[in-house]
Structures are given as structure tokens and as C-alpha cells.
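This report concerns only the one structure given below.
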Amino acid sequence: MSTLTGRARWLLAAAAGLWAGVLAALDLDERWWLAVPIGAWFAGASLLLADRPWHGVAATIAGVLAVGWIGLPSENAAPLGAIVIALAVIGAARPRSQSIWAVPLLLTATAVAAGWSAPSIVFGAALLVLPWWFGSLVRKRDLARRAAAQHELELSLADPVSLARSAAASEHEAVSAATLAVIGRAVDAMSATAGAARAELPAASLDAIHVAGGEASQRLRSLLALLREPGAAAETARAPQPPTARARPWPLTLLASTWPALLMLLDVALLPVLMREFGETPAVPAPTWPFVLLGVAPLAVAVALRRWSVLALLGASATLVATSTAGIVDVGRDGLWLAIAAAALSWAAGARAARPVVLAWLVFTGTGLTLTALQSADNLPIQITMHVLPFLAAAAWAGHHAAETTHLAAAQLRAAELDAATQRAIAHERLQLARDLHDAASHAVGTMMMQANAARVLRERDPDGARAALDAIAEVGAATMAELRALRCSASRAAGAPPELADDLRALAAAAERTGSRVRVDLYARGDVAEDDGGLIRRIVREGLANAVRHAPGSDVAVSVEITPARIGVRIRNAAPTGGPAGATGSGLGLRGLRELVDERGGRLSAAPEGDGFLLVAAFAPRSARMVAP
């Protein structure tokens, strides 16, 4: 993933080349002309980073070794600019698990070329980790921005009509299935009892029919009341929600604010000990109380309070001027803790980038660089790096963050619109279901109860009349069950769906259900279906159901077919098998042939495990769209 624009890559290349060329010329004396190829090499290496990061790192390593071979003094920082740029860019371009390896590679090359001692290697490692870390932070934010943009795009392409129909069909399926299971069971029981009681006309059986009818009526009334209740629509097929950031626990928030300050204090405490253990001369003296209280502590507080950027930057600037003037702090030589302070404050300034913050950062940076130039000019390149690099990286991070926020806001608005359409469709479907169920079941159950009462009354004086009443119960029960099943099947057919295609898909589903699978078919059509397109849809569904029956017997299978003027989509998913061992593995020729047919139509077919089941998805353009395509 490249995050560099064309202008940015040329600016970075120019910066790396000028940095290397100018600093190299300062120590090359009569060989000053070598500064030109040195600058050109590092500029080319930085330019290579944009498209081939690892090639750019390799070129940078070669340049570092060449500079050491030429004989530049070890304190010359000519390669530093290119090294920092390489680490920042590869950190932004590659995952951390891969890009981290650039740090030891460049550190080793630099240590070999400059002949670093052990303390220098430790300091260099800490220095080189920072640009890589900044780059990785930019990458993380950029990935979040891309995910938010993709989510917004997916929601913008979502068809509210199709989503609403899918939600309504799911609600229809769920409610009609529940009704068939509860009310249908009672109607079946009443019909069966009526048939069994026809010969002897036992009073207990007739009473049981009436009791069962009363219970069914009560359940049906409760269901109808629930369906008509305002705001009772289930959140079926909700639009996918944009990701939301989770609040961090306060200890983590506190640690995120203070860890650079704690790292500063750790460096101040451990540096004298490490230098003494390495036997370095001159030894670093132990920190004095004025140094800690007047120099380190105020800067550590400024770093911890960097959220208030203007106050922290100006306070740090005043502290540097006062302690340097008093001889308490040597800005040019006082080690890693000052570099950490500069990096943390510069990052905070770049992340906010408001005009007052930028002005305060310029004051802070100008103060630090001026004091460094006056006290130890050799360390000026490092101080420039520690001020400028974090600021620029944070500015890039902030840009990605602002774009991510914009995408998330748009995605949330779109999700709310889709959810509103979905809930309206569900509410409408529930109201329609309440009407249909009332017509299909309420009158029928009432009629069956009336016939049961008539049979009780007639059983003594007119047995034939009682039997006729029981026959009527059976007939009404059979008709009611047929109507309830038809009501459930209607969920598989949306308005505008081609009748022949819907009938064929239901026939395929029925054949699969005879093997023990439970199949649900959803068909959404917005336009006519050409004969060859319908034939391909049937082939895909037939193959998907056959594979589900073969490899996942007894499983739940969901078939969804969506037909629009621009696209035809087929989705078949089966859950884990429940009906016994799976059949033998097929040859795979069926899927291969389907994939070839879909490819010929400019579409795509995929088939792969998903969770504990299997998913087959196909999408292709309808014939009308292919005929007008350029």
C-alpha cells in the first residue's frame, strides 16, 4: 500500500538528495564533487521507495555503506535524511511484522559504515525506531480511513428497495413459519381428532377439538396483536453499521498520555549507568537535582500535557531557553530524553495543525535548533529530524483521521436511511401478515370450533349430522393448512418476480426438502429475465442445492436470487449438516462448468466454506445490460 502522492515522493527525494549532498560536501574538502553522486544516489533511493519500498531500503543501505567506504567521518549525518525517510515510508507502506526488519538492517549498515560503539548503537536503535513507528501509525490510520471509505461506498451502493424487500421477506418467512408451527399444529391436531372420532363420536374427542381450537384462537389473537403493535418490527436484515471506536479504560488513556514523559525520565536515570557499564569516556555524570527539577521535570510535564499544544510548546521553549542560559541543560548534547521531548511535542502539534499550534511549534522548533546550533552544531541534523519528521508524519495522520471521520459520518447517515427503509418495509409486511393470517386462520379455527360444538349437540340424536360436522372440520383443516403453506411460500416470491422462474426454484427447493434439508428461497426481481439468464440461474441453484444435499444432509439452506437491470446475483448458503454423514466428494466439474458460464457473461462465481457451512455466490450482468455495454 503506497500512501505517497506524486508530489510527495518528489519532495522527499529532493529532501534526501539535498540533505545528503550538502552535508557530505562539508567534510569532503577537495573531493567535494563526490557530494553530487552521493546526493543523487540517496534521492534515487528515496524515489524508489514509493513503488518498491524494499528496493528503496536496499538502495539506501548500499548508499550508507558507500559513504562509509568513501571515508566520510562517522559524525557526518549525510545518510540520516535518506535513512529516516526510508524507515518512515516503509513503515507506512508495509505491515509492522514486515517493515520492522528495515530498522535492524539500516542500523547494522550505519553502525558498520560509521564504526559505532555499543552506546552509539543503542542510541542509534532508539533514534531509528522513531521514524518507523511514525510511519506505522500513519499506515494504521490510513487503513482505517480506507475501511471507512469502503464501508461508505458499500452503503451508498446498497439498494434500499432490495434491502427492504429482503427484510420484509425474512420477516414474512419467520412469522409464517412460526404460525405454521403453532397454529398449523393445532389445526392438524383438530383435523386428526375429528377423523379419529368419526366412527364412535366420543364426547371426550369432541371436547378436545373445542379446547384445541380455543387455545389456537388465543395464540392467534396474541400473534395478531403483536404484529399490529406499533414499533414492534424486528431489526431484520439491518444495514451494516459503520465501525465505532470503543472507549479505552482510563489507565490506558493515562498511559497513552504519559509514556513519552516516563521514557524521558527512564533515559535520564539509566544513561549514566549504561555509559559506565560500557566503559565510555567521558563518563556521563549522574543527574543533579537542579538538572532534574528545573530541566527534565518541566519538559516531562509539557510532554504529558501535550494535548494542550500551544501551552506545552511555549512552556517547553521557555524551559529550554532558561535552563540553557543557566548552563543546566545542554540542548545539543543532552541525549535521548530531549529527542523524545521534541518528537512527542512535534507529533502533538502536527496532529492538530491549527494556526496557533503551528506558530507555537515554529517557536519551539526554532528555539531548539538555535540553541543546538550555538552549543553543538554537529547534533543539528538529529535535532532537525526529531522536530520536522514527527510534525509531518502527524500531519499526514491527521489528514487520514479527518477523512475517516467524514466517511464514517456519511456511512452512519446512509445506514440510518437504509434502516428506516428496512423498518418501514418490515412494519408494512407485519401489518399485511396480520391481515392475511386473520383471513387464513381466524375464521377457519372459529368454523372448526363451531362444527365441533355442532357435533357434540348432534352426537346423540343425529349421528350422521355429527359425522358431517366432523367431515367439515377435516375439510376446513385441510384447506386452512394449504392456505397457511401457500402464505409461507409467498415469502419466496417478491412483486415482479417471473412466475416461471419462481415456480422452478420452488420445485428445486421442494426436491431438496424431500431429502431432509430445510430450504428457504428468496427471489427479488426488478425487471424481466431473459431466457438464457433464467436458465443459468436455475443451473446455479440446482448445483448449489445438490451440493448442499450431498455434503451437508439435513442442513438449513438459504437461496437468494436478486435480479436488477444491471446485475443478477445468486447466493446459496448451507449450514452444518444435521442429517447424517456427508456423501462422497464430487468431481468438481459442475462448479467448474458454472464458473465458465458465468465468466463468459463477464461475471464471477465463488464457492468456499463459511463458518460451519458453505457459501456459493455468483454475479453476472443480464443479457440486456450486456447488449448495451461498450
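Quick notes on this structure:
- Screening L87 with (1) closer than 17 Å to I121 by Cβ; (2) surrounded by fewer than 24 Cβ atoms within 10 Å (Cβ to Cβ) gives one miss only, at (2).
- Exactly one residue among A425, A434, A472, A455 is out of contact with any Leu (no Cβ under 7 Å at 6 or more places or on another chain) and more than 30 Å from E152 (Cβ to Cβ), and that residue is A472.
- Only listed residue being surrounded by fewer than 16 Cβ atoms within 10 Å (Cβ to Cβ) and either without any contact (Cβ under 8 Å) to a residue 12 or more places away in the chain or basic (K, R) (or both), chosen from A377, A409: A409
- Each residue in the range 499-535 was checked for being assigned to a loop (DSSP other than H, G, I, E, B) and touching a strand residue (DSSP E or B) at 6+ places or on another chain (Cβ under 7 Å), and 4 pass.
- Evaluation of R96 against (1) within 43 Å of the chain's Cα centre (by Cα); (2) buried (at least 18 other Cβ atoms within 10 Å of the Cβ); (3) under 30 Å from L270 (Cα atoms) (one fails), failing number: (2)
- Test set (1) touching a helix residue (DSSP H, G or I) at 6+ places or on another chain (Cβ under 8 Å); (2) at pLDDT below 80 - A216 fails condition number: (2)
- Yes/no for T422 being hydroxyl-bearing (S, T, Y), open to solvent by less than 40 Å² (accessible area, probe 1.4 Å), in contact (Cβ under 8 Å) with a residue 12 or more places away in the chain and farther than 30 Å from G135 by Cβ: yes
- Residues that are of a type outside the set (A, V, I, L, M), open to solvent by less than 40 Å² (accessible area, probe 1.4 Å) and modelled with pLDDT of 90 or more were ranked within the range 325-358; the one that is farthest from the chain's Cα centre (by Cα) is S346.
- P131 being touching a helix residue (DSSP H, G or I) at 6+ places or on another chain (Cβ under 7 Å), open to solvent by less than 30 Å² (accessible area, probe 1.4 Å), modelled with pLDDT under 90 and not small (G, A, S): no
- A558 being aliphatic (A, V, I, L, M) and modelled with pLDDT of 80 or more: yes
- Residues within the range 445-475 that are touching a residue at least 40 places away in the same chain (Cβ under 8 Å) and not polar (S, T, N, Q), tallied: 15
- Any pair with Cβ under 6 angstrom, 6 or more apart, that starts in the range 381-400 at a residue that is among the β-branched types (V, I, T) and ends at one that is buried (at least 24 other Cβ atoms within 10 Å of the Cβ): T385/V84
- Of the residues examined, R414 is one that is on the phi < 0 side of the Ramachandran plot and crowded, with 18+ Cβ neighbours inside 10 Å.
- Scanning the range 583-630 for residues being surrounded by 13 or more Cβ atoms within 10 Å (Cβ to Cβ), within 20 Å of V557 (Cβ to Cβ) and at pLDDT below 60 gives a total of 2.
- Taking the range 10-34 as the range and being of a type in the set (G, A, S), under 17 Å from P381 (Cβ atoms) and crowded, with 21+ Cβ neighbours inside 10 Å as the test, the residues that pass are A16, G17, A20, G21, A24.
- Subset tally (residues that are open to solvent by less than 30 Å² (accessible area, probe 1.4 Å) and without any contact (Cβ under 8 Å) to a residue 24 or more places away in the chain) for the range 300-324: 0
The values are calculated or read from the model by the stated rules, or taken from the named source; none is laboratory data. Nothing here was measured: the structure is a model prediction, and the numbers come from that model. All Cβ positions, even for glycine, are placed from backbone atoms using ideal geometry, and neighbour counts span all protein chains on display. Ligands, DNA and RNA are excluded from the accessible area calculation, which covers all protein heavy atoms including side chains. Shrake-Rupley method; radii C 1.70, N 1.55, O 1.52, S 1.80 Å.
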